[in-house]
1. Per residue, how big is the convex hull of the stretch 368-428 when only Cα atoms are used? Give it in Å³.
2. For the pairs LYS228/LYS455; LYS293/LYS591; LYS309/LYS585; LYS192/LYS505; LYS303/LYS615, note any where the Cα-Cα span goes beyond 31 Å.
3. Which order do peptides 533-546, 576-589 fall in by mean Cβ count within 10 Å, highest first?
4. Once the dipole of the chain is set up with Lys and Arg at +1 and Asp and Glu at -1 on Cβ about the Cα centre, which of GLY405, PRO236, ILE191 lies farthest towards its positive end?
5. How high is the relative contact order of the stretch 72-218, in percent, with contacts defined as C-alpha pairs under 8 Å that are six or more residues apart?
6. In angstroms, what radius of gyration and Dmax does the stretch 112-172 have, counting Cα atoms only?
7. As a test of the formula, what do you get for the chain when each DSSP H run with n ≥ 4 contributes -39,500 (n - 2.57) and the sum is divided by the residue count, at 222 nm and rounded to the nearest 500 deg cm²/dmol?
8. Can you tell me which aspartates and glutamates have their Cα less than 12 Å from the Cα of LYS392? Leave out same-chain residues fewer than eight positions away.
Amino acid sequence: MKKSIINMCSAILLGISLSGCDGWLGDVKPSDFLTESQVWNDNSMVLSTLANAYNQVPNNGSVEGDANLSLFDDLMWCGLMNQDVENARNQMTAYGYSNFRYYDYAYIYRLNQAIEALANNSSLPNKNIFSAEFRFMRAYAYFQMCIRMGGVPLVTRTSQYTPGMDITTLQVARATEAETYNFVYDECMAIKDVLAANNNVTNHSRANKYAALALASRAMLYAGSIAKYNAAMATPITSTTQAGVVGMTGENATSYYQKALAAAKEIIDDGVFKLQGVNSPSADAFYNAICVKDGNTEVIWCKDFNASKFHNFTFANIAQSMNEDNDNGADLCPTLQLVENYEMQDGTVGGLKDKDGLGNYIAYSNIGDIFEGRDYRLKGTCIVPGQVFRGKALDVQAGVAVYQGGTYTLINGAEANSRYTQADDHPQADGGTFVGNDGPLNRANYTNTGFNLRKFVDQTVGSSARGQGSYMWWPYFRMGEIYLNAAEAAMELGQSSDALAYVNKVRQRGGVKAWTAADLTIDNMLKERRRELVCEDSRLWDMKRLRVADQVWNGVQSTSTMLYALYPYRVIGGPNAGKYIFDRKVAPRFKAPRNFRLGNYYTSFSQDALNKNPKLVQNPNY
């Protein structure tokens, strides 16, 4: 008991030190000595412990850690440029087998400890709600372990070591991948109605009924797609050491898709949360649905921030010409592939029209004309040349295109906000813009792709300044994903009319043409999720669960493995003088093709974890 109290007090004190992370906590002060009974019968102490647990909810990339979001193809790292950083992001020869590892049983222990203490030592009237929240976070942590590692040990109670006991009794073998996903689902369904008490929590910073249903839907969609598409691989991924720990071998995908659809449908049909910005679609409406808290009906569960705990995502990612600080910004920049993934609103699928059918440059009177008529979500997610954000137009120009003898000579500048003058030893220099305020440039803190990020970049004055930062939330679940989960699960179940109803609701927000039954393919569903869920820690896991990552990112230089840029040039001379042409190229800082190997589908266990628990088995294909 003494050891338990010491561990508990340590957790409580840490929780209090982080208690400013959410507005619902209030201000609490610990006594110098706490007993287990005092802790779990004091509402403020339990809230502090709960806040600490929420603060440690795992993710791969978020507004607090943007670097990982550059490790897959939709966002390129354009920030700090030292060689270690470049090697890890823009010159990475292959994904490491330990990439994205998450295996945190210290966190699981603290959650189990809280659940047991509330059951055994608390007289608080709302202890069941607190307990359900701890159970939800435990389910979410197991889900995050499972999408990385496959089946993991399912530890649902605390154990205490006493000197002389047989340590092997504390070691737990891996559950199968199916058992782990099933545990997540069963927990969510068991606690969802209890969590309904949190449905009206400000800014949805605490788990509610629909967060539990959202996690259930996501977990079952992942399980169903792995069960289906792993078996369809030329060489399905399995473990020869312990059956079932990876690959969902022998599992029936249908029941998982049914559960994924039912959970998503319950969220949609209850109507507490709604897809926002559908009736009057625009780029701003899409941005606001995700990034603006006031009156929001889209975001189901999030990590919230306020004056006592802000983040620097806007400081790190704002376009150079829009920053409010020193030379900062543009850490993450959208790629040309992402921009071209957004369809024309009439449903036309295809790239930007930079050249005609004969390979001749197409000149545009205004720099932004080439992007017109596309899915509204493009400009709600990205900032393209000429687009206004924070009251300024993105000023991107790579250089000038000098027209001579029927051809263009592209001349690149080296300094932002520069003029093309006689001093450059070019007789045709006209004194006009040479390079824009925002580049593109082959250096840190300027876009290297020709685009900047809008999503999760705060419009609030002062939010890009160090020391002040942004209070923008980070959504874990929102309605855009729920509709797409429902659409994909319905499609996999052969329920075409339902699938079309769900996916077309999302497409309506983009202002794009509705799909017909012929459009219902898993490849199109993946593209739709790519458009909707940029920068929301979704792309990598979608590629993994559908078993296409090793095919798309195969290590061979191509438009799928290299990151591409689109550079505008101002025309000098000829019939198109004063207009703009565009040149597509591999982004200059990006040097190595993405290389996702079979061993990357399941992250390796560290040697330390294997040494501590000999009942673990290593994942395959290393």
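1. Enclosed volume per residue, from the Cα hull, is 119 Å³.
2. Working: LYS228/LYS455 33 Å; LYS293/LYS591 39 Å; LYS309/LYS585 40 Å; LYS192/LYS505 26 Å; LYS303/LYS615 35 Å.
Over 31 Å Cα-Cα: LYS228/LYS455; LYS293/LYS591; LYS309/LYS585; LYS303/LYS615.
3. 533-546, 576-589
4. Comparing the listed Cα positions along the dipole, PRO236 ranks first.
5. Details: 139 pairs, mean separation 30.0, N = 147.
Reported as a whole number, the value is 20 percent.
6. Every Cα atom of the stretch 112-172 included, Rg and Dmax give 14.5, 40 Å.
7. On the way: 19 runs with 220 residues, N = 622.
About -11000 deg cm²/dmol.
8. ASP438
The values are calculated or read from the model by the stated rules, or taken from the named source; none is laboratory data. Predicted, not measured: the structure shown is a model, and the values here were computed from it. Backbone-built Cβ (ideal geometry, glycine too); neighbour counts: all protein chains shown. Surface areas here come from the heavy atoms of the whole protein model, side chains and all, with no ligands, DNA or RNA. Shrake-Rupley method; radii C 1.70, N 1.55, O 1.52, S 1.80 Å.
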